[in-house]
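Below is one structure, written out as structure tokens; the observations come after it.
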Amino acid sequence: MNIGGALLYTSFIFTVLAVIFLIIKQVRIGLWSAGIAAVSITASVLALSYAFVSLDFSTYYVWMFNSDVLPIGYRLAAILVGQDGTYLVWAWLSILLAFINLKRHRQNTNQYDSIYALAACSFLLFLTIIMNPFRSILIGEGASIPAIGNSINPALIDILMPIHIFTAFAAYAFALIPAAVSAAYLTTGKKHRIKDYLRLSWLFLSISMISGGIWANRLLGWTGFWQWDPIQSVTLATWLLITAALHAEIRFNVGEYRRLFPLLCIYSFIGCIYTTFVARSGIYNSIHTFLETPTFLVLLIFILVVAIISALLALLFGEKSAIESSPLSAALAPHNTFYFTILLLIVLAFIAFWGPNICIVLQYMGYWTVVSTEFYNAMSYIPTILLVYLTGICMLYGKVKNQIIAYTTAIFFIINVLLIFVVQYNRLILILPAFFFITSNTLFRIVHDMRIKSRAVFIHRAGVNIIHLGFGFALLGAVVSMSLSTVDNFSFALNEENVYKENASVGVKLLDFKVNKVGSDWIQTANIELTEGDRTNNLTTTFMKHRQFCFVSRPAVKYSLLSATIVDLKGMPPCRLETGHVDLIVNKYPLLNVLWAGCTLLLAGVILTLLSKFMRRRR
């Protein structure tokens, strides 16, 4: 066992000891044990990082995902490519946060939240030990250390790769503390403020989803930023549950949702675990998935046990709401609007969760089927529209008379219903009334809140308003870019260089086509001139036949003010290079940048809410 593996085992042992000492109320010793565990796993991460940077191919995981041709930055990023490294990073971040939480509340008599958090960390360390990122490559008699590494797929060599993966596991780590505190609350009735942890989990998961969408759109040739891939679907479900928890927390502080809020926090963390299960079970058809691994069954058992126990705790020991439900006539009261908002978020999360899982259920019943994107779009349309209108109502509540809110909502909603019967299949037209409702109401709220004199309160309100404004723009951009996207195919003979071809509003001129052989790899490069209206741009798109990773496409992407155009070279096998054609696929996504602008507003808004909390603490 090398030093990295020894440090990993040390961290596991002291994490378990910390749990034991906290159970017997030896908080000081438990804190020291948790600190040693945090230091040990940090040193273990540094040891693996050094092995990647120094090209220590005696470690199997380093050899599998590293190479001397990679820059140092991507050698470090390669730690996140395989299962072993992601488990280690996840456990590392989780233990650091669990230790910080324990240190902040070390004066408390009961440490159930830290017990649950560190127990979960022990589970993550156990998974890491099963995968063992430090196992030696010298496992057979006569084995020798390889001179070169296996490297990573060229499609992964992008700055968005480490951002996408690291932020996902950072989100999972931040989701742990709210889940542990919620489990402690169901056990003892003791509360801690956990909204900042939820916000940070939501923030990092949002960054992961956004960076993944941009990456897929730009490099991986996924023909779009969103394909309802099983991992995407389950991640979205988790994100929606965290969003629901953030809304429920507001009412929890005034005595409501004493059972629902803790369950939302716990099930958000279960969603993180379940996303990992989907990636590692080997039974879901996803570009994200690994082959089935030894952790598959352990993950499944953990998910089932935690889900059942937490539900029983909420049912048997959870407190009932301390506030009586407001009458149905007070439809615009915060109690009702928050209730239906949370309900719709849970419904949308269930749709995103159900899609990939119904295929597995039917598969075990002997029926092979694929859930199309139309299933998700059709099932989520009505809940999404209702959610948009509820958001718009919340923006006006308390700022204008309830009668005005009711009349305004009724007018927009009636227009929306009429459009459903007039233009049944045009999602763009159907989404416009809801979009104008939420954006106009949010802008009105922003102008109204300009009167606030307290800087911290103003920044907090501005953050909340910007989040909801970003939601409206992100929804519009997503619907328009997918509904009005176009695909044009162009085919050029090898002797048709400088030939211009036009299809609808897009024109393409093939400037040149080159094929370069690098060792046993073939790299095909097409330089083109793309014409859209009166705008002309020169772009380069490549297609590689890699000796290890088969075919790798790198589309050319051109962003305009609002839209994006992606040109993908289909490429051809080397045997057809003399007689084949240069085939290009041009995808146009109108208003795609409105989606990214909306996502940016979402991130900016939650950062402002965190900033306002920091400003209040400094007072």
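The requirement of being more than 30 Å from residue 376 (Cβ to Cβ), surrounded by 15 or more Cβ atoms within 10 Å (Cβ to Cβ), within 34 Å of the chain's Cα centre (by Cα) and without any contact (Cβ under 8 Å) to a residue 60 or more places away in the chain is not satisfied by residue 546. Filtered by the rule that a residue be of a type in the set (D, E, K, R) and under 15 Å from residue 495 (Cα atoms), segment 508-535 gives 509, 512, 514. Answer with yes or no whether residue 132 is touching a Leu at 6+ places or on another chain (Cβ under 9 Å), polar (S, T, N, Q) and under 21 Å from residue 86 (Cβ atoms). So residue 132 fits the description; yes. Scanning segment 588-619 for residues that are modelled with pLDDT of 90 or more and aromatic (Phe, Trp, Tyr) yields one hit, 596.
Scanning segment 382-422 for residues that are touching a Lys or Arg at 6+ places or on another chain (Cβ under 8 Å) and basic (Lys, Arg) returns a single hit, 399. Count, please, the residues in segment 312-346 that happen to be more than 33 Å from the chain's Cα centre (by Cα) and modelled with pLDDT of 85 or more. Within segment 312-346, residues that are more than 33 Å from the chain's Cα centre (by Cα) and modelled with pLDDT of 85 or more number 0. Within the group 48, 31, which residue is assigned to a helix (DSSP H, G or I) and either outside the structural domain of residue 110 (by TED's automatic domain parsing) or touching a Gly at 6+ places or on another chain (Cβ under 7 Å) (or both)? Every option except 48 fails the conditions. So, of the residues in segment 453-486 that are hydroxyl-bearing (Ser, Thr, Tyr) and not in a helix (DSSP H, G or I), which turns out to be surrounded by the fewest Cβ atoms within 10 Å (Cβ to Cβ)? The residue in question is 454. Between 78, 38, 18, the distinction of being at pLDDT below 95 and either under 30 Å from residue 146 (Cα atoms) or in a helix (DSSP H, G or I) (or both) belongs to 78 only.
Okay, residues lined up against (1) hydroxyl-bearing (Ser, Thr, Tyr); (2) crowded, with 20+ Cβ neighbours inside 10 Å; (3) under 30 Å from residue 557 (Cβ atoms):
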residue	(1), (2), (3)
114	yes, yes, no
137	no, no, no
147	no, no, no
163	no, no, yes
171	no, yes, yes
180	no, yes, no
188	yes, no, no
218	no, no, yes
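Criterion first (closer than 21 Å to residue 13 by Cβ, more than 24 Å from the chain's Cα centre (by Cα) and at pLDDT below 90) does residue 107 satisfy it? It is false that residue 107 is closer than 21 Å to residue 13 by Cβ, more than 24 Å from the chain's Cα centre (by Cα) and at pLDDT below 90. Of the residues in segment 419-426, none is under 29 Å from the mean Cα position of the chain (by Cα) and at pLDDT 90 or above. Is it the case that segment 33-45 has a residue that's closer than 29 Å to residue 200 by Cα, among the polar types (S, T, N, Q) and without any contact (Cβ under 8 Å) to a residue 40 or more places away in the chain? Yes, segment 33-45 contains at least one residue that is closer than 29 Å to residue 200 by Cα, among the polar types (S, T, N, Q) and without any contact (Cβ under 8 Å) to a residue 40 or more places away in the chain. Based on this model, can you work out whether residue 197 counts as more than 21 Å from residue 278 (Cα to Cα) and crowded, with 20+ Cβ neighbours inside 10 Å? For residue 197, the condition - more than 21 Å from residue 278 (Cα to Cα) and crowded, with 20+ Cβ neighbours inside 10 Å - is met.
The values are calculated or read from the model by the stated rules, or taken from the named source; none is laboratory data. Since this is a predicted model, take the numbers as computed values, not measurements. A quick note on method: Cβ atoms are made from the backbone with ideal geometry, for glycine too, and the neighbour counts reach across all protein chains shown.
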